[in-house]
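Enquirer: Quick one: the structure is below, questions incoming.
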Amino acid sequence: MRTAVALVLVAGLVGTLAGCSTPTPSPSPEGCAPSGSVSDAVKVTGDFGSEPDVTFEAPLAVEETQRTVAIEGDGTAIAPDDIALVDYAVYNATTGVRLEVTGYDPAARLVMTVNEASILPGLLKTLACSTEGSRVVGVIPASEAFGAEGAADIGIGANEALLFVVDVDSIVSPVADGEPVAVEDDTLPTVELADDGTPTITIPDAAPPAEFKLAQLKQGDGAEVGEGDTVTVQYQGINWNTKTVFDQSWGKGATSFPTTEVVPGFAQGLVGQKVGSQVLVVIPPELGYGPSGGTGDGSISATDTIVFVIDILATTPAAAG
């Protein structure tokens, strides 16, 4: 299990990759970034799945991302919007300083959604079409990373380049792939799934239950979600009282977050479940948005019961200690 310090650094880096300091992403590449003399010159040794020994002479300078395959895997190739389990070492390619290395723990791979909304353009080009079991080297210019702003909180100055060495462990199913389970409680909402997995939730013409309810729709056989774990899910949320969908990941891509950063009822529906499972949860106001007076946009009031269908796709254990 990773240390708390390592998890904070990983979360900080990936959080930055996902958002605020990032320039407007370029479109998804049609193929892999090409190799080049700069990426080819990075020396990487060590076995796949273990921390690599990386040697290079800083500064590394490229105008566009260069990608070199250090170890060629024979698994499935990553496609746009795939969810990949990875480990990586990342360096400031301008100064040569190592910024972060993940834990290389088979039980706690980092989860990345491979699309322009989730990761830096240069990292997207590094991962695009990489196969499971591959180790890839990506030298990324500032223009495809943090640009003129940099990201001082993780050690990247203005106009500084990045070097990623990424091990692509596996690709995660974008939908829960567990065995279907019959729901015998006819007071609960019903769920129908489209071919792509998108749920349609039908709310009964009845008052909502006063207590929390959970129904297993699919039973997975993967790792069990623990308290504080970071989970990767697809979900749809609907307001029982208005029968209106107020939020969903479907159409936008899977999302990841710690179980401690969602409303209590949502977390209660996740903890103890196994990866590959799909659950239906009915959350009364006191375990949802009731304590905060509802949502700011008015889609959920302080007295509304909410319903979620959640596909559990991956989980990363919380830090020990």
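Enquirer: Give me the count of lysine pairs in the chain whose alpha carbons sit under 29 angstrom apart, restricted to pairs 8 or more positions apart or on different chains.
Expert: Within the chain, the lysine pair count is 11.
Enquirer: Per residue, how much space in cubic angstrom lies within the convex hull of the C-alpha atoms of region 179-316?
Expert: Residue-normalised Cα hull volume stands at 105 Å³.
Enquirer: Do the sum for the chain: with -39,500 (n - 2.57) for every DSSP H run of n ≥ 4, divided by all residues, what is the mean residue ellipticity at 222 nm, to the nearest 500 deg cm²/dmol?
Expert: -3000 deg cm²/dmol
Enquirer: Relative to the longest principal Cα axis of the chain, at what angle does helix 4-18 sit, 0 to 90 degrees, rounded to 10?
Expert: Compared with the principal axis, the helix lies near 90 degrees.
Enquirer: Run a plain Debye calculation on region 149-201 (Cα atoms as equal point scatterers, no solvent) and give log10 I(q)/I(0) at q = 0.12, 0.17, 0.27, 0.30 Å⁻¹, rounded to two decimals, same order as the q list.
Expert: -0.62, -0.74, -1.14, -1.20
Enquirer: Could I ask something else about it? Report the trypsin sites (Lys or Arg not before Pro) located in region 220-321 that are in a DSSP loop and have at most 16 other Cβ atoms inside 10 Å of their Cβ, or state none.
Expert: 243, 252
Enquirer: Between residue 227 and residue 107, what is 0.36 nm times their sequence separation minus the Cα-Cα distance? Round to one decimal in nm.
Expert: In short, 41.6 nm is gained.
Enquirer: Roughly how many debye, to the nearest 20, is the charge dipole of region 56-97 about its Cα centre, given +1 on each Lys and Arg Cβ, -1 on each Asp and Glu Cβ, and no other charges?
Expert: Value, rounded to 20: 140 debye.
Enquirer: What percent of all Cα-Cα pairs in the chain falls into each 20 Å bin, going from 0 up to the bin containing the maximum distance?
Expert: Cα pair-distance distribution for the chain, in percent: 31, 51, 17, 0.
Enquirer: Separate question: Using a 10 angstrom cutoff on alpha carbons, build the Gaussian network for the chain and name the most mobile of 40, 74, 87.
Expert: 74
Enquirer: I would also like to ask the following. If you put +1 on each Lys and Arg Cβ and -1 on each Asp and Glu Cβ, how big is the dipole of the chain around its Cα centre, in Debye rounded to 20? Spell out each step's value before the answer.
Expert: Numbers: 12 positive and 43 negative charges, 98 e Å.
Using only the charged Cβ atoms, the result is roughly 480 debye.
Enquirer: By how many nm would the segment from residue 219 to residue 57 lengthen if fully extended, with 0.36 nm per residue of separation less the alpha-carbon distance?
Expert: Result for the pair: 53.3 nm of gain on full extension.
Bear in mind these aren't lab numbers, they're just calculated from the coordinates by the rules spelled out. This structure is a prediction, so every number in the text was calculated from the model and none was measured. Please note: Cβ atoms are built from the backbone with ideal geometry, for glycine as well, and neighbour counts cover all protein chains shown.
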